[in-house]
Amino acid sequence: MEQQKPLKKRTFPEQLKYQRELRGWSQAKMAEEIGATPNRISSWERGIALPGAYLREQLCLRLDMNAQELGLLAMIEEDLSAASESVSSVQQQMLAPPIDIPDPSEVSQKQLSDRASASHSVGVKRISRLRAILTVVIVLLVSLLIIVWSGPLNAIFNPNATNPYPPHSGQLILNDTLQNQNNTENWQEGTNSQQASCIFEAQGYVAFQPHAGYFHACIAQKTDYTNFTYEVAMTIEQGEFGGIIFRSENSVDSHYYIFRIHTDGSYWLYRFVDSNIEHAILLQHSTTQVFNTGLGKGNVIAVSAQSSTLTFYINRQQVCALQDAAYTHGQIGVFAGSLEQAPSQAIFKDAKVWTR
């Protein structure tokens, strides 16, 4: 029998694969458990990527292990050590001692000329190297400033940055066309075992459900908002309804709100407590005239969630508001579905989030 490595000596990729196989999970099953994608699990097990803070927390919770036991701390420390060595190397190059040039009176004119030429050549090379290092440092600093100040800069230079919903305040922190994957939000991608899918196409982010009586949700896995306004453009291409998901505190266990709009202009607001819609709590149901009814019609859907106050908008006109404090923060998402017609498909684009 092959002897297993001691727990504390396994690297993170080894430990992750070992714990997954110990539970009899496939990569797809582990991805479902923590709210990630199979490709992301594969990249971790191959050692080419590390999970972010949110997914590290989910791994620890689902595997009932801490970061040290999983081998995450060792990998993070290695990255920090490598970065420290790189900085030290740059500092040593910048602080290297000057070239020693002898007294001209002690050497011949030819020697002086040769040494002066060599000194000049080396000096030019050193200056060029220092300039290159300085350029890299400046680029890194500017990149860091852009990341930190992306919200404020966007608010200044983007005419769409102003929150169009009352009280018309907040910082635009998400402005995604939804034409391709954005690692900042990490929208779900791929097809599940029931052939429902979340796919990026040229026209936008497509949620597809092939079966009647169900909806398929596509979650932005790296998002987590508390007080915010979330807006997205939706076009229902097939089926009966589409909508938005918000404050998804646990998408694996279906703890979230959904705002569902049908092609006839009727809408439903549910608080899901598990994956069975029969157990979901209906918070609001009505019909609006501001929705562009029928298939292939574009509509802008939005929710403003401020503490326990939830206000909903269609085409930037308020349609309802209520109080519910069950879920206080979480991920955002979109979905498509139908009750009797199949398949169902909705296309989403231009997702925006303002936070306060």
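Looking at the stretch 231-248, is at least one residue of a type in the set (Asp, Glu), part of a strand (DSSP E or B) and either free of Cβ contacts under 8 Å to residues at least 12 places away in the same chain or over 24 Å from residue 185 (Cα atoms) (or both)?
Checked the stretch 231-248: at least one residue is of a type in the set (Asp, Glu), part of a strand (DSSP E or B) and either free of Cβ contacts under 8 Å to residues at least 12 places away in the same chain or over 24 Å from residue 185 (Cα atoms) (or both).
Listed residues 161, 118; which is in a loop (DSSP other than H, G, I, E, B), of a type in the set (Gly, Ala, Ser) and modelled with pLDDT under 80?
Of 161, 118, the one residue that is in a loop (DSSP other than H, G, I, E, B), of a type in the set (Gly, Ala, Ser) and modelled with pLDDT under 80 is 161.
Take residue 319 and tell me if it is part of a strand (DSSP E or B) and on the phi < 0 side of the Ramachandran plot.
For residue 319, the condition - part of a strand (DSSP E or B) and on the phi < 0 side of the Ramachandran plot - is met.
Being at pLDDT 75 or above and of a type in the set (A, V, I, L, M) is the requirement here; does residue 61 meet it?
yes
Can you tell me which of 327, 313 is under 23 Å from residue 274 (Cα atoms), surrounded by 15 or more Cβ atoms within 10 Å (Cβ to Cβ), of a type outside the set (D, E, K, R) and touching a residue at least 24 places away in the same chain (Cβ under 8 Å)?
327
Checking residue 203 against (1) of a type in the set (S, T, N, Q); (2) over 13 Å from residue 348 (Cα atoms); (3) open to solvent by 50 Å² or more (accessible area, probe 1.4 Å), which single condition isn't satisfied?
Just one mismatch for residue 203, condition (2).
Looking at this structure, is residue 290 in contact with a helix residue (DSSP H, G or I) (Cβ under 9 Å, 6 or more places away or on another chain) and surrounded by fewer than 17 Cβ atoms within 10 Å (Cβ to Cβ)?
no
Just give me the residues in the stretch 18-28 being closer than 16 Å to residue 58 by Cβ and either open to solvent by less than 70 Å² (accessible area, probe 1.4 Å) or among the small types (Gly, Ala, Ser) (or both), in sequence order.
Of everything in the stretch 18-28, those that are closer than 16 Å to residue 58 by Cβ and either open to solvent by less than 70 Å² (accessible area, probe 1.4 Å) or among the small types (Gly, Ala, Ser) (or both) turn out to be 19, 20, 25, 27, 28.
The values are calculated or read from the model by the stated rules, or taken from the named source; none is laboratory data. Computed from a predicted model, the values in this text were never measured in an experiment. We place every Cβ from the backbone using ideal geometry, glycine too, and count neighbours over all the protein chains shown. SASA here: full protein model, heavy atoms, side chains in, ligands and nucleic acids out. Shrake-Rupley method; radii C 1.70, N 1.55, O 1.52, S 1.80 Å.
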